[in-house]
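First the structure, in the form of structure tokens, and then the observations on it.
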Amino acid sequence: MSVLRIIEVRDEEAFGGIPPCADPRFDHRTCDFWEDADRGRRDARVSWLARSTPAAPASARPHQSGNPFAPPAPAAEDENPFLPRRSTANPFLLADDDGADAPVVNPFAPAPRSPERPADGAPRKLQLLGRGLALYGSYGRILLADDRPVAWAQIGPLSAYPRAQRIRELYPRLPDAPLPAVITCVATVAEARGRGYGSALVRGICEELATRGFAAVEAYPEVGRPADETSAATLAFWIACGFHVAAPDDRFPVLRRELA
């Protein structure tokens, strides 16, 4: 019996462990099909896997001190008579209190935190997966069997995926409050199919989403598309995972599961 565990794709090490698509023309690491409703693509794009170089901040143009026609150099901040003076004094201390002119430090206040996000220059898909780190965690999940990646899923709030929103707009009778979480993609590596890894990943995700406060989760399989050309799985797969058909359609049905 394999030991299964689910990990989040939060950094480049985990991102590098995203399993390959069964069809080599496609790549989970370069897919923005759900994030871009108009131009999103599923195909493999090598350029998306390279680290980008963060743009260097623009440096101020050096002043041409020897040019008699150059405008005068700008004054430093402290030399600008029109800038308000900033004081560190505490206005609530009396004048004779000790430290009246010293900045006040609150020892009980938590240290300021910078928002969580992927490192600068991270591959573009990793940046997309990290948009919700501060609130929802990463949008990417990998199922490991004995520490070997065997299945992949992409999840998140409905607001993160414009294409899912567009599909939902076709069915005004779907409940719109509270809005569901979505599983846009779930896929198992070709050599590990038929072992229940995909359904195990979906079960774990549903349990996690319930703890994050979601009342329901939806999926949007594309009926009739070859299995290796889609990562949205099949109608039968979602039903076996406890989903029901919330909006029937010959091509884009909506599958939904209520979360306890």
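Here, each number is a calculation from the coordinates, and none is a lab measurement. This is a predicted model, so every value here is computed, not measured. Methodologically, a virtual Cβ is constructed for each residue, glycine included, from the backbone with ideal geometry; neighbour enumeration extends over all protein chains shown.
DSSP loop (so not H, G, I, E, B), at most 16 other Cβ within 10 Å: list which trypsin sites (Lys or Arg not before Pro) in region 181-260 pass both filters.
Qualifying residues, ordered by number: Arg193, Arg195, Arg212, Arg251.
Distance between the pseudo-spin-label points of Ala210 and Arg25 (7 Å out from Cα toward the beta carbon): 4.0 nm.
Whole Å is fine, so just give me how far the alpha carbon centre of region 1-30 lies from that of region 235-260. First find each Cα centre; the distance between them is then 24 Å. Net length available on complete extension from Arg166 to Asp11 is 52.8 nm, with 0.36 nm assigned per residue and the Cα-Cα distance removed.
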